[in-house]
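These notes are about the structure you will find just below.
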Amino acid sequence: MAGNYIACPECRGVLNQDDASLECGACGQKYDSKWGFPLFSKNRDFYYCPTDKEFLTTTLDEYYPKIKADPLEWERFLAKILSNVPDNRNKNEWVENLVDESRGSYKYLLSLKPGSHVLNYGCGWDNTTISLARTASKVTAVDLTRQRVQVLALKKLYYGLDNIDLICCGDRPYLPFADNTFDAVFVNGVLEWVASDWSWAEEKYRQIHSKPKKALKYLKEVYTSHRPRDIQLRILMEWNRILKPEGELYIGIENRHSREYFGQRPDADSSIWFGSLYPRPLANLVALATRHRPYLTHTYSRSGYAKLLREAAFKRARFFSIEPTYRRPTDIINLDSKTEVREYIDNADSRVKKITPWMYSRTCTSFGMSIKKESEPQSWVYDAVSDFFHKTDRPENQYQVRSIKANRKNKFMVFVTRESDPEEGFVLKAPINDGAKEFLANNREGLNHVHAMLDNRPDDGRAGDLLPKFVYDGSFRGQPYSVESICPGRSWSNTADSEPDSRVLDDLVEIMAELSALDFGEVGKERLSANFKNKVDCFRPLISYENTDGCCALDRITDRVLAAIDSYDGVTHLRKGDFTMGNVLVKQGRPSGLIDFDEHGATCFKLADFAELVYSFARIRDGVYWADSTRALVTGEYDRLPAVLKIKQRLQQLDSSPDDLKIAALSAWVNHVYYAVQHEAIRFNARIVGKLLDEVLTALDPVLC
């Protein structure tokens, strides 16, 4: 049950609570709370979800007592729900909403402090609420679809978070909160939809059968009592009312003038080609002709949003561009920073590189807005950078933020470089969830350990120059962060010249040989075998493929690798680098940096790193995916792979044999799937699981028999 900060959404009166309902002492209105949270919505039938309504409702009723008794039942519930999501272009997005916390990176664009009370408005069933709850003292999450709030209630049990209040509301005259309640309000992908419910008009004019007459009635409504902009303004004023005087508002939303709308794709909300670009009267006519309702999902340009915010008494706003979209943040660009805008354009795809910074700031795909009533918006990201420079006595005025990124491993990264030399600087990393904390801790330990070993070697190698150095570990406003030195160069995956590829491969093999000679510490064959078996067992239940004898190919892979570990004569250790192309930086056709080096792996085989490099290179350069690459490495049919890899020659450089590579390839594949399943939550996405598991096992089964 929500706390005493809630108020009647009809009159803003005081609510009296008991275990099953709430009643307003002023207007007498009663509200249910039989699902464990207040149900303030007027339209109880409102439903926006990709799954069938009856299916989701029944499944929720079935699993609520199970998850209450055993939170791990959540995973079975989730797998069942996602099996009902239609297999269309939006399926991956709905999956990500449930399991990915990367949208939580937006919290770093505000200045949340310990003790904050945050409202997530239009929470849906996504993980933004979970990420906010890891930062704020209290989070109130609201949505108009009751079933989605129920899903979040189950997720709350699974994560063991007791600082989340849930409410179903959104279609009453007021929000059910007292004035000056929240320190921050998060609104991601909601403002454009607040005027989209047209069911009342369809019911009101149901008796009119003439389409022209009905269209005229609709147009009258949309220009008088149901003007989308007026409805958006009213909800903005409500958010203003419930925010404390120094409170912050975050809004994520599309740009009306997104470059993608100029012939690349239809309007994201209405699915009408050029819909957002049309003048509103024309957009209404096109929508009536094609969708049988007016154009209701209004978005705006940067200046249009700024004007709307001023009318709602928000006087200050900082605009960020969110790429590729606010639904899936990868790059976050402060549009007031010429450096950040220029950096993104220089490293973007060919279409973006053709436009100027002035044009980019007006045609970016979507906005993230940090908004305040009076004072200038502050962002944790910039304040944390200042905190680092202050605590380490470095000259902050000689450096500048160059880029901000969020990745699928739930890491939030800020690249800070010296003004006089963009290739010298630091990268500040902040975890978005607990999995990211583990990755950052492993990375820090790995870097320190490897550099300590390399520094004690008498010979001059290249690995120490390519690996970043750990610089600082700190916390700001209760949020942990770590800092590493920056590596120069561009991601190897963004280059496409075949001749430099050969030189880069030559250098990387030398570096692998150098690293493989280091002493990472004996762990013993028993521990190594147990580590490998645990990783296999993690994803074994996800495999649907079996041969005609009912014997899973994975068992044969496991037996092969365990036998190889048992017969291994060298020092057994847990070590794994990450030489995928995205983690190799190049400059002038040579490796210039290795990022995301991780010392915690599942193999003692030095060729495991090389196998992962082969997998990555074959996929990015030639479109050869896991199934074909794995089969080629296991069978020795190297001609199936890009010739520039020169695998036989590389094996000689690494003093290894094809049999060594076969086992290392199997081990690297298992390790890759384990990390994907554990940390990217792909176990709930059958399409991706099929590519990583069933296709590879099907390809290998005839070879392994």
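The values are calculated or read from the model by the stated rules, or taken from the named source; none is laboratory data. Predicted model only: the values in this text are computed from it and were never measured. Note that each Cβ is placed from the backbone with ideal geometry, even for glycine, and that neighbours are counted across all protein chains shown. Ligands, DNA and RNA are stripped out before the accessible areas are found, and what is left, the full protein with its side chains, is counted by its heavy atoms. Shrake-Rupley method; radii C 1.70, N 1.55, O 1.52, S 1.80 Å.
At 1.4 Å probe radius, can you tell me the per residue accessible area of the chain in Å²?
Accessible area per residue, the chain: 42 Å².
Note down the magnitude of the dipole of the chain about its Cα centre, charges +1 on Lys and Arg C-beta and -1 on Asp and Glu C-beta and zero elsewhere, to the nearest 20 debye.
3400 debye
Taking the Cα centre of the stretch 7-54 as origin and charging only Cβ (+1 Lys, Arg; -1 Asp, Glu), how large is the dipole, in debye to the nearest 20?
160 debye
Report the one residue of 441, 468, 375 whose Cα lies farthest in the direction of the positive end of the charge dipole of the stretch 341-486 (charges on C-beta: Lys and Arg +1, Asp and Glu -1; origin at the Cα centre).
About the Cα centre, the residue reaching furthest to the positive side is 375.
Tell me, Kirkwood radius of the stretch 1-125 from alpha-carbon pair distances, in Å?
17.6 Å
Could you compute the net charge surrounding residue 113? Neighbours are other residues with a C-beta less than 12 Å from the C-beta of residue 113; K and R count +1, D and E count -1.
-1
Would you check the stretch 1-118 for Lys pairs whose C-alpha atoms are within less than 24 Å, ignoring same-chain pairs closer than 8 in sequence, and give me the count?
Number of lysine pairs found: 13.
Given a cut-off of 30 Å, name the pairs among 391/535; 354/469; 405/646; 373/405; 437/606 whose C-alpha atoms lie farther apart than that in the structure shown.
Listed pairs above 30 Å: 391/535; 354/469; 405/646.
Once each part is reduced to its C-alpha centroid, what is the distance from the stretch 369-387 to the stretch 267-287 in angstrom?
With the stretch 369-387 and the stretch 267-287 each reduced to a Cα centre, they are spaced 35 Å.
With runs of 4+ DSSP H residues as the only contributors, calculate the mean residue ellipticity of the chain at 222 nm using -39,500 (n - 2.57) per run, divided by the residue total and rounded to the nearest 500.
Estimated from H runs of four or more residues: -12500 deg cm²/dmol.
In nm, what is the difference between 0.36 nm times the number of residues separating residue 16 and residue 330 and their Cα-Cα distance?
Length gained, residue 16 through residue 330: 108.6 nm.
Among 452, 480, 495, whose Cα lies farthest out toward the positive end of the dipole of the stretch 368-497, if unit charges sit on the beta carbon of Lys, Arg (+1) and Asp, Glu (-1)?
480
Can you tell me which aspartates and glutamates have their Cα less than 14 Å from the Cα of residue 214? Leave out same-chain residues fewer than eight positions away.
202, 203
Order the following by accessible area, largest value first: 512, 237. Probe radius 1.4 Å; ligands, DNA and RNA are ignored.
Accessible-area ranking of 512, 237, largest first: 237, 512.
With charges only on Cβ, +1 for K and R and -1 for D and E, what is the dipole size of the stretch 376-460 about its Cα centre, in debye, rounded to 20?
Roughly 440 debye for the stretch 376-460.
How would you order 215-226, 98-109 from highest to lowest mean count of nearby Cβ atoms within 10 Å?
98-109, 215-226
At 1.4 Å probe size, with the rest of the protein present, what percent of the exposed accessible area of the stretch 92-209 is carbon and sulfur atoms?
C and S atoms contribute 46 percent here.
Based on the alpha carbons, how large is the Rg to Rh ratio for the stretch 387-520 when Rh follows Kirkwood?
Ratio of gyration radius to Kirkwood radius for the stretch 387-520: 0.99.
When DSSP beta bridges are limited to those with both residues in the chain, what percentage is antiparallel, rounded to the nearest 5?
The answer is about 75 percent antiparallel.
For q values of 0.11 Å⁻¹, compute log₁₀ I(q)/I(0) with the Debye formula on a Cα-only model of the chain, without solvent.
-1.26
Under a straight-distance cross-link criterion of Cα-Cα below 13 Å, which aspartates and glutamates are reachable from residue 409, leaving out those fewer than 8 residues away in the same chain?
In chain and number order, the partners are 96, 100, 101, 434, 438, 596, 680.
Counting Lys +1, Arg +1, Asp -1, Glu -1, what net charge surrounds residue 422 among other residues with beta carbon under 9 Å of its beta carbon?
Local net charge: -3.
Could you please report the charge total around residue 281, scoring K, R as +1 and D, E as -1 over all other residues with beta-carbon less than 14 angstrom from its beta-carbon?
For residues surrounding residue 281, the net value is +4.
Starting from the Cα gyration tensor of the stretch 386-450, take the square roots of the eigenvalues, sort them a ≥ b ≥ c, and report rounded, prolate or oblate (rounded when a/c is under 1.5, otherwise prolate if a/b is larger than b/c, else oblate).
It comes out prolate by the Cα gyration axes.
Provide the three semi-axes, in whole Å and in decreasing order, of the ellipsoid equivalent to the stretch 238-283 as defined by the square roots of 5 times the Cα gyration tensor eigenvalues.
31, 12, 8
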